[in-house]
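> The structure that follows is given in the form of structure tokens.
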Amino acid sequence: MNKEVMDIGAAPITGNFEITLPAPNGASLRITGYVYAGEDTVSLHERMDICREALLRQQQVLEKPVLEERVKMLKEQEAHIEKAYLDLLEKNNVRKLPVSESQHLQNYPTQLKQIKAEISKGEEKLKAIEVA
């Protein structure tokens, strides 16, 4: 991308553009720019690309702590469910479980699988942010 300073001189503004991206917790990121008379589309596209790249970087900066907290919470939830699952397996070896506990015993493996998948997705996204 050409990042040279554009000499707009006295070129009148013929329009503007706005790029908006969502951010965590209901926030948004927005950048606006102008379209100048006589500006070619290559120049306009380059400026818009620069703006979009800057917004994408800022979006990742804002998402990172939210994503880290989510992964941490999911790992805590995973540990809690694993402990509860192991406790129920031990109880099941000693005596017949009540219906509600039997249902939990059947559901825990699926819950653990889903949580592990979410943790994996979050960690992959964090790695992608680290590289960028």
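> Condition test on L97, is it in contact with a Leu (Cβ under 8 Å, 6 or more places away or on another chain), at negative phi, surrounded by fewer than 16 Cβ atoms within 10 Å (Cβ to Cβ) and not in a helix (DSSP H, G or I)?
Numbers: in contact with a Leu (Cβ under 8 Å, 6 or more places away or on another chain): yes; at negative phi: yes; surrounded by fewer than 16 Cβ atoms within 10 Å (Cβ to Cβ): yes; not in a helix (DSSP H, G or I): yes.
For L97, the condition - in contact with a Leu (Cβ under 8 Å, 6 or more places away or on another chain), at negative phi, surrounded by fewer than 16 Cβ atoms within 10 Å (Cβ to Cβ) and not in a helix (DSSP H, G or I) - is met.
> Continuing with the same structure: Please indicate, with yes or no, whether at least one residue in segment 11-22 is modelled with pLDDT under 90 and farther than 30 Å from K121 by Cβ. Can you show your working first?
We begin by selecting, within segment 11-22, every residue modelled with pLDDT under 90; these are 11.
In the following step, the residues that additionally are farther than 30 Å from K121 by Cβ were identified as 11.
Scanning segment 11-22, I find at least one residue that is modelled with pLDDT under 90 and farther than 30 Å from K121 by Cβ, so the answer is yes.
> Also: Please work out which residue is nearest to the chain's Cα centre (by Cα), limiting yourself to segment 25-54 and to residues that are aliphatic (A, V, I, L, M) and surrounded by 11 or more Cβ atoms within 10 Å (Cβ to Cβ).
Residues of segment 25-54 that are aliphatic (A, V, I, L, M), as a first pass: 27, 29, 31, 35, 37, 42, 44, 48, 50, 54.
Adding the requirement that they be surrounded by 11 or more Cβ atoms within 10 Å (Cβ to Cβ) leaves 29, 31, 35, 37, 44, 48, 50, 54.
Details: L29: 14, I31: 20, V35: 31, A37: 38, L44: 29, M48: 23, I50: 21, A54: 16 Å.
If we take residues in segment 25-54 being aliphatic (A, V, I, L, M) and surrounded by 11 or more Cβ atoms within 10 Å (Cβ to Cβ), then L29 is nearest to the chain's Cα centre (by Cα).
> Right, something else. Quick check: is even one residue across segment 97-106 out of contact with any Ser or Thr (no Cβ under 7 Å at 6 or more places or on another chain), under 30 Å from S28 (Cα atoms) and of a type in the set (V, I, T)? Even if it seems obvious, please write down each step before you answer.
Kept after step one, since they are out of contact with any Ser or Thr (no Cβ under 7 Å at 6 or more places or on another chain), are these residues of segment 97-106: 97-106.
Among the residues that remain, those that are also under 30 Å from S28 (Cα atoms) are: none.
No, the conditions are met nowhere in segment 97-106.
> Another question, if that's okay. Any residue in segment 57-80 that is exposed (fewer than 13 other Cβ atoms within 10 Å of the Cβ), outside any helix (DSSP H, G or I) and of a type outside the set (V, I, T)?
The answer is no, given that none of the residues of segment 57-80 is exposed (fewer than 13 other Cβ atoms within 10 Å of the Cβ), outside any helix (DSSP H, G or I) and of a type outside the set (V, I, T).
The values are calculated or read from the model by the stated rules, or taken from the named source; none is laboratory data. Here the structure is a predicted model, which is why all the values come from computation and not from measurement. As a convention, Cβ positions derive from the backbone with ideal geometry for all residues, glycine included, and neighbour counts pool all protein chains shown.
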